[in-house]
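The values are calculated or read from the model by the stated rules, or taken from the named source; none is laboratory data. Computed from a predicted structure; not experimentally measured. FYI the Cβ positions are ideal-geometry reconstructions off the backbone, even for glycines, and counts take in every protein chain you see. Side chains included, ligands, DNA and RNA excluded: accessible areas come from the protein's heavy atoms. Shrake-Rupley method; radii C 1.70, N 1.55, O 1.52, S 1.80 Å.
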Amino acid sequence: MIDKVDWNLTEIFYEIFQAKPELYARAPGRVNILGEHVDYNQGVVLPMAIDREVTILARKNTQPICRLFAVDLNEEIEFSLRDLDQKKDLNGKPFPRWALYPAGVAKVLQQKGYDLDGIEAAFQSTIPIGSGLSSSAALEVGFAMVWSALGGWKEDSIRLAQDCQQAENEYVGVSCGLLDQFSSVCGVRDHVLFFDIRNLEWQALKFFENMQIVIVDSKVERSLTSSQYNQRRETCEQAVKLLQKFKPEIESLRDLSPIEFAAYSEYLPEEIRKRATHIVKEIARVFSAVSALQHSDFRSFGALMYASHYSLRDDYEVSHPNLDYLVDQAHAIPGCFGAKLTGAGFGGCTVNIVTQEQSEQFMKKLHQAYWRKYKVEPSIFSVQASQGASWRRI
Ligand code: GLA
């Protein structure tokens, strides 16, 4: 069954391509509940896929050409699969940013030896763009699904997520970790995912039954995110190099417990020390949060979320005053047990855990407070943990 939104998309598809789609694919965004910026430090994370997603209708093209229509932006682009390095469309115009994601995925899949079909595809998304809920990873994963389904091959889930990550690292130029693509591929309904990036093992954990996940989009656009993000990653690598003088066996900040780190941190320059402090403690917080979840202890879980936010604000320095305001206000509203920024930071969204009974009131109060302070309407909505990406023939 195709739902109402997809019927719209189907109509648009007919209109643009004058043909029926063969395939429907969807890939969700994600919210990271805890474990921020630790994925590129071989750490552990606690995300969930959410019920906001990219949906794609597609069919094979007889030529090795991709015609893609971005419904939300009302933009169409055509490019050749034989010429992806150019990052230009058939008229020689540089790709708009959104086209880098599917094209990057195509490039990586080709490098892996897959003979990709040209496609005609129309897509739309309910994930707010650029707000830290992984709209780009969902786009990558959605198109990876399309090529895999049309080509009749299937990759292991983690490998597929890694292909999409590689597309973002090498083609788009953001040195992201595996968190976003993993969550979009592997999401499990009603569960949070505990993912260990060092050994790529993961498990789905039932989330607190009476707690609602509330997202608040500050509407602060994240500027310079990729350059700042890449810088943070380099700083972590520098920290490892410096610490290897004392402990040559470490490969990443994951290899140090907070206590071991405390023994050597004084030898690090201040900025590097602050960044590394966040990473080492954030990894420890994720382990503590898993234990809190297993003991149904939402107070401790929430306290770890606040601690994560303060560390992202003070040590990792990726927060924004509007996000800090949202977290402080959330803390003061009854029923909220944890709040922090989610994703890379620098703007975008906060994630909050709130009791189900009090979530309506919470959303209202937070909306009022934010409006009063900034005269900007935040977008506040609750999300459910959802299933990872999928496709079906239609
Ligand atoms: C972005 C990146 C992820 C991760 C988060 C921060 O979403 O794409 O890989 O590093 O930031 O946790």
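Got a number for residues in segment 211-252 being open to solvent by less than 30 Å² (accessible area, probe 1.4 Å), assigned to a loop (DSSP other than H, G, I, E, B) and over 30 Å from ALA385 (Cβ atoms)?
1
Taking ARG392 and the conditions (1) open to solvent by 10 Å² or more (accessible area, probe 1.4 Å); (2) part of a helix (DSSP H, G or I); (3) in contact (Cβ under 8 Å) with a residue 60 or more places away in the chain, which numbered condition does it fall short on, given that it satisfies the others?
Single failed check for ARG392: (2).
Among all residue pairs at least 6 apart or on different chains, which show Cβ distances below 7 Å where the first residue, located in segment 175-197, is closer than 16 Å to LEU139 by Cβ and the second is more than 14 Å from the ligand (Cβ to nearest atom) and assigned to a loop (DSSP other than H, G, I, E, B)?
Short answer, once both residue conditions are applied: SER184/GLY388; SER184/ALA389; VAL185/GLY388; VAL185/ALA389; GLY187/SER386; GLY187/GLN387; GLY187/GLY388.
Look through segment 175-203, keep the residues that are buried (at least 18 other Cβ atoms within 10 Å of the Cβ) and in a loop (DSSP other than H, G, I, E, B), and return whichever of them is farthest from the ligand (Cβ to nearest atom).
Once the filter is applied, the top-ranked residue is VAL188.
So THR277 passes all but one of these: (1) within 25 Å of ILE197 (Cα to Cα); (2) without any contact (Cβ under 8 Å) to a residue 24 or more places away in the chain; (3) open to solvent by less than 60 Å² (accessible area, probe 1.4 Å). Which condition number does it fail?
In the conditions (1) within 25 Å of ILE197 (Cα to Cα); (2) without any contact (Cβ under 8 Å) to a residue 24 or more places away in the chain; (3) open to solvent by less than 60 Å² (accessible area, probe 1.4 Å), THR277 misses (2) alone.
Looking only at segment 110-128, how many residues end up being part of a loop (DSSP other than H, G, I, E, B) and touching a residue at least 12 places away in the same chain (Cβ under 8 Å)?
Looking only at that region, the number is 8.
Looking for whichever is modelled with pLDDT under 95 and crowded, with 18+ Cβ neighbours inside 10 Å here; the options are ASP6, ASP89, ASP83. Which one fits?
Criteria check complete, one pass: ASP6.
Looking at segment 324-363, which of the residues that are open to solvent by 10 Å² or more (accessible area, probe 1.4 Å), out of contact with any helix residue (DSSP H, G or I) (no Cβ under 6 Å at 6 or more places or on another chain) and part of a loop (DSSP other than H, G, I, E, B) is farthest from GLY29 (Cα to Cα)?
PRO334
Every residue, every condition in (1) free of Cβ contacts under 8 Å to residues at least 60 places away in the same chain; (2) open to solvent by less than 40 Å² (accessible area, probe 1.4 Å), yes or no:
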{"site": "GLU11", "(1), (2)": "yes, no"}
{"site": "TYR14", "(1), (2)": "yes, no"}
{"site": "PHE17", "(1), (2)": "no, yes"}
{"site": "GLU36", "(1), (2)": "no, yes"}
{"site": "ASP39", "(1), (2)": "no, yes"}
{"site": "ARG52", "(1), (2)": "no, no"}
{"site": "GLU75", "(1), (2)": "yes, no"}
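What are the residues in segment 119-171 that are among the β-branched types (Val, Ile, Thr), open to solvent by 20 Å² or more (accessible area, probe 1.4 Å) and either more than 15 Å from the ligand (Cβ to nearest atom) or under 24 Å from GLN86 (Cα atoms) (or both), if any?
Selection gives THR126 alone.
Would it be correct to say that ASP255 is among the acidic types (Asp, Glu), in contact with a helix residue (DSSP H, G or I) (Cβ under 6 Å, 6 or more places away or on another chain) and over 21 Å from MET211 (Cβ atoms)?
No; evaluated as a whole, the condition is false for this residue.
Looking at this structure, is PHE207 open to solvent by less than 20 Å² (accessible area, probe 1.4 Å) and touching a residue at least 12 places away in the same chain (Cβ under 8 Å)?
Against the criterion (open to solvent by less than 20 Å² (accessible area, probe 1.4 Å) and touching a residue at least 12 places away in the same chain (Cβ under 8 Å)), PHE207 does not qualify.
Looking at segment 1-101, what strands (runs of 3 or more DSSP E) fall wholly within it and have at least 3 residues that are within 16 Å of the ligand (Cβ to nearest atom)?
Qualifying strands (runs of 3 or more DSSP E): 23-34, 44-61.
If you check LYS340, LYS373, LYS365, which single one turns out to be among the basic types (Lys, Arg), within 26 Å of SER226 (Cβ to Cβ) and in contact (Cβ under 8 Å) with a residue 24 or more places away in the chain?
From the options LYS340, LYS373, LYS365, the qualifying one is LYS340.
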